[in-house]
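Q: One structure, as structure tokens, below. Some questions next.
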Amino acid sequence: MIKQSIEQIRFILKNKNQMKKIAISIIIASASLFTSCSVDSWLKEEPLDFMTPDNAYQTTVQFRQSLNFLYDAYRNLCWNSNEDFRVTLFCTDYAHGGYDFPDMKYNNFKGWITPESSYVQTLWTTCYNAIGNANVILGRLPNANEISDTDKATIRGEALFFRAFYYRILANMYGGVPLVTEELNAPKRDFTRNTRAEVYEQCRADLEEAVSLLKDIDQAGDGYINKQAGQHLLTEIYICTGQYEQAVQSASAVINHPSMALMTDRFGSRKDEPGDTYWDLFRVNNQNRSSSGNTESIWVLQYEYQNAGSSYNCNTARQIIPGYYSIVTESAEEGKTVPAFTTWTAEKGGRGIGAVQPNPWFFEELWDDAADMRNSDYNIIKDFRIDNPAAKGYGQWFVKDGWLRESDKIRLWYPFIQKFSRTNNYPAEAYAKNADGTMKLTALGEHGLLNSQGLAHGSFKDEYAFRLAETYLLRAEAYLGANNKEQAAADINTVRIRANAAPITAAQVDIDYILDERMRELYSEEIRIITLCRLGKMVERTRKYNLTGYNIGDHQNLWPIPYGEIEKNILATIEQNPGYN
């Protein structure tokens with residue numbers, strides 16, 4: 001063994017010069033390799049089993065995943081964004097903030113809606129993130145060779161729709177904003193504002209092309225953007241650009257499509273229960289065409305219970321239903337008080353917190369016909385019986401029998417809006433149980449709900465983004481702009497007659513009446529502030545109908561440009577909207 005090792009050492013020493021020559025040759029060859037090839041190409045990776053920006057947009061599935069973000073961005077805005085932000089969107093002529101009433105937080109418009117407000121930034125960022133994603137889709141689609149021409153047309157149509165949809169929100173809320181129509185591959189610090197008219201013009205161009213590419217509603221499938229959704233949105237844009245005849249034509253294309261019609265008879269999952277057609281529109285499983293035959297829906301925001309893709313649900317019911325379970329009333333035992341209601345129940349619409357409290361104008365003055373089903377006791381419940389056996393008024397009606405106090409009227413008690421509530425028919429997991437597994441009921445037989453994981457205050461159902469009743473009201477607005485009040489009244493009356501409300505005359509039609517009718521039909525559905533800012537009516541109507549409307553500034557028909565956007569745009573100037581410091 002030792003002898004073998006010595007021989008190895010002798011061999012190495014004897015041949016060390018030759019080994020040096022070999023090592024030098026290797027080094028020279030390596031250097032030659034570097035000098036004869038581009039360093040960039042030598043370092044460039046060729047990913048074969050993971051996604052990169054270069055290979056992520058090749059197939060229909062990949063583009064569809066990117067489009068899903070555009071759908072989800074709006075769902076998230078309406079359902080899952082910061083609660084303060086969502087409440088802010090409803091504080092208009094419709095509602096005031098239940099928190100810190102009357103002059104703090106949501107109700108102090110001048111102090112709440114400022115360039116530094118996180119909610120002003122939230123809306124801006126959500127829209128521009130979606131627009132950026134749409135631009136990526138539109139820019140990369142032409143080079144995706146694995147996609148059929150048919151799929152390319154549909155994908156392009158949806159991306160164009162969403163770019164217009166989010167620019168429409170920006171233009172309505174902020175006025176003129178920077179237009180970006182191409183993918184940005186590097187930081188940009190020199191944005192300038194386009195005019196509001198220029199933004200609307202971009203929306204018009206995008207939507208006209210989108211309409212030519214999108215599938216009809218009866219071919220697109222539940223929840224997907226379709227030709228009629230594009231025409232519906234295009235109608236609003238034509239109104240914004242003063243093209244009233246085009247707006248009438250676009251709306252008429254939706255209204256006259258053979259697959260479209262207002263629902264005028266009882267339908268869907270609970271049609272055999274007490275209720276009315278308007279109530280049916282908002283029951284679980286009644287929004288999509290495939291499940292209920294609903295010919296009124298145009299674009300429905302999809303929710304799948306216990307599906308990872310629907311990890312959140314609409315919490316509007318929580319915000320708009322009063323916090324009734326916190327009310328105390330006289331005890332049957334002299335000199336004491338007890339809760340009037342022992343728990344939150346399915347019959348009352350779940351667990352509300354009264355964050356969005358509709359103004360007295362909505363409940364008491366807006367409804368011009370007592371027979372209007374949109375204000376029926378199925379849709380807006382005015383009274384419940386006290387369910388605590390320990391209460392002096394147990395079994396009596398809380399309002400009718402005189403137990404309502406003035407102090408209860410802030411957040412705790414007002415009529416219960418059922419549009420976003422399940423109103424019974426909650427998932428089985430939502431119901432509270434007794435120790436023996438039976439349903440937990442109040443003394444009056446109402447079903448208690450669990451508050452864990454939001455089960456007492458979520459909607460757990462699909463919700464409308466667009467439906468045909470709004471198309472009629474948009475066409476009425478277009479007819480008014482074209483000075484055709486007779487036709488405007490006819491469209492308004494189509495909506496009113498379905499609701500069992502008396503028709504109006506042409507002499508009654510003006511933009512405020514149309515806004516009133518939008519409120520009667522679309523309360524809680526539309527993001528009201530977007531409509532009012534579009535029309536320049538936010539300040540006027542908030543002052544007139546909101547209990548705290550005296551806190552809004554003359555300049556607040558538009559939101560401010562977020563200060564963060566102005567501050568970081570160091571190579572150009574983004575002008576602030578007038579009135580905001």
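Q: Considering all projection directions equally, how large on average is the shadow of the alpha-carbon convex hull of the chain, in square nanometres?
A: Numbers: hull surface 169.9 nm².
If I average the Cα hull's projected area over directions, I get 42.5 nm².
Q: So, in Å, what gap is there between the alpha-carbon centers of the stretch 117-137 and the stretch 536-556?
A: One Cα centre to the other: 27 Å.
Q: What aspartates and glutamates does K105 reach when the alpha-carbon gap must be under 16 Å and sequence neighbours fewer than 8 apart in one chain are set aside?
A: E83, D84, E116
Q: Measuring from the lowest to the highest alpha carbon on each principal axis, how far does the stretch 315-458 reach, largest first, in angstroms?
A: Each principal axis gives a Cα extent; for the stretch 315-458 these are 49, 40, 26 Å.
Q: For the stretch 315-458, give the magnitude of the charge dipole about the Cα centre (Cβ charges: +1 Lys/Arg, -1 Asp/Glu; no others), in debye to the nearest 20. Before the final figure, lay out the partial values.
A: On the way: 16 positive and 18 negative charges, 99 e Å.
Charge dipole of the stretch 315-458: 480 debye, to the nearest 20.
Q: Taking the Cβ of L450 as the centre, find all other residues whose Cβ is under 12 Å away and add up their charges (Lys, Arg: +1; Asp, Glu: -1). Can you show the working numbers first?
A: Numbers: positive: R351, K433, K440; negative: E429.
Charge balance in the 12 Å sphere: +2.
Q: Set the Förster distance to 60 Å, then compute FRET efficiency between A507 and Q65 from the Cβ-Cβ distance, nearest 0.05.
A: The computed FRET efficiency comes out at 0.65.
Q: Between E429 and D272, what FRET efficiency follows from the Cβ-Cβ distance if R0 is 22 Å, with the result rounded to 0.05? Write out the running numbers ahead of the final one.
A: Numbers: r = 25 Å, r/R0 = 1.14.
With R0 = 22 Å, the Cβ-Cβ based efficiency is 0.30.
Q: Once label points are set 7 Å from the Cα along Cα→Cβ at both N451 and T241, what is their separation, rounded to one decimal in nm?
A: 5.1 nm
Q: About its Cα centre, what dipole magnitude does the chain give when the only charges are +1 on Lys and Arg Cβ and -1 on Asp and Glu Cβ, stated in debye to the nearest 20? Don't skip to the answer; put the middle values down first.
A: Numbers: 60 positive and 73 negative charges, 440 e Å.
With Lys and Arg at +1 and Asp and Glu at -1, about 2120 debye.
Q: I've got another one for you. Going by Cα centres, the stretch 151-174 and the stretch 206-221 are how many Å apart?
A: Computed from Cα coordinates, the inter-centre distance equals 12 Å.
Q: Could you list the square roots of 5 times each eigenvalue of the Cα gyration tensor of the stretch 305-385, that is, the equivalent ellipsoid semi-axes, sorted largest first and rounded to whole Å?
A: Working: eigenvalues 139, 107, 27 Å².
Ellipsoid semi-axes (Å, largest first): 26, 23, 12.
Q: Near V284, within a Cβ-to-Cβ distance under 9 Å, what is the net charge of the other residues, with Lys and Arg +1 and Asp and Glu -1?
A: Working: positive: R270, R283, R422, K461; negative: D462.
Every neighbour counted, the sum reads +3.
Q: Using Cα-Cα distances under 8 Å and only pairs 6 or more residues apart, what relative contact order does the chain have, in percent? Write down the numbers at each step before the final one.
A: Details: 966 pairs, mean separation 110.1, N = 581.
Computed value for the chain: 19 percent relative contact order.
Q: Here's something else I'd like to know. Using a 7 Å offset from Cα along Cα-Cβ at S407, what residues in the stretch 322-349 end up with backbone N under 15 Å from the label point?
A: What the label zone holds, given the 15 Å backbone N cut-off, is 326-331, 335-340.
Q: Still on this model: Quick check: Cα centre of the stretch 439-518 to Cα centre of the stretch 391-409, how many Å?
A: The distance from the Cα centre of the stretch 439-518 to that of the stretch 391-409 comes to 30 Å.
Q: For a quick check of your reading of the filter: which GluC sites (Glu not before Pro) in the stretch 280-364 sit in a DSSP loop and have no more than 13 other Cβ atoms within 10 Å?
A: Values: sites: E296, E304, E330, E333, E334, E347, E364; in loops: E296, E304, E333, E334, E347.
Qualifying residues, ordered by number: E304, E333, E334.
Q: Further, regarding this structure: Please give the helix 196-213 orientation as an angle from the longest Cα principal axis of the chain, in degrees from 0 to 90, rounded to the nearest 10.
A: Its long axis makes an angle of about 80 degrees.
Q: What net charge do the residues around G268 carry, taking every other residue with its C-beta under 9 Å from that of G268, with Lys and Arg at +1 and Asp and Glu at -1? Mind dumping the intermediate values first?
A: On the way: positive: R266, R270, K271, R283; negative: D280.
That sum, taken over residues with Cβ under 9 Å, equals +3.
Read the figures in this text as sums done on the coordinates, not as results from a lab. Small disclaimer: the values here were computed from a predicted structure and weren't measured. Here Cβ is always computed from backbone atoms with ideal geometry, including for glycine, and neighbour counts include all displayed protein chains.
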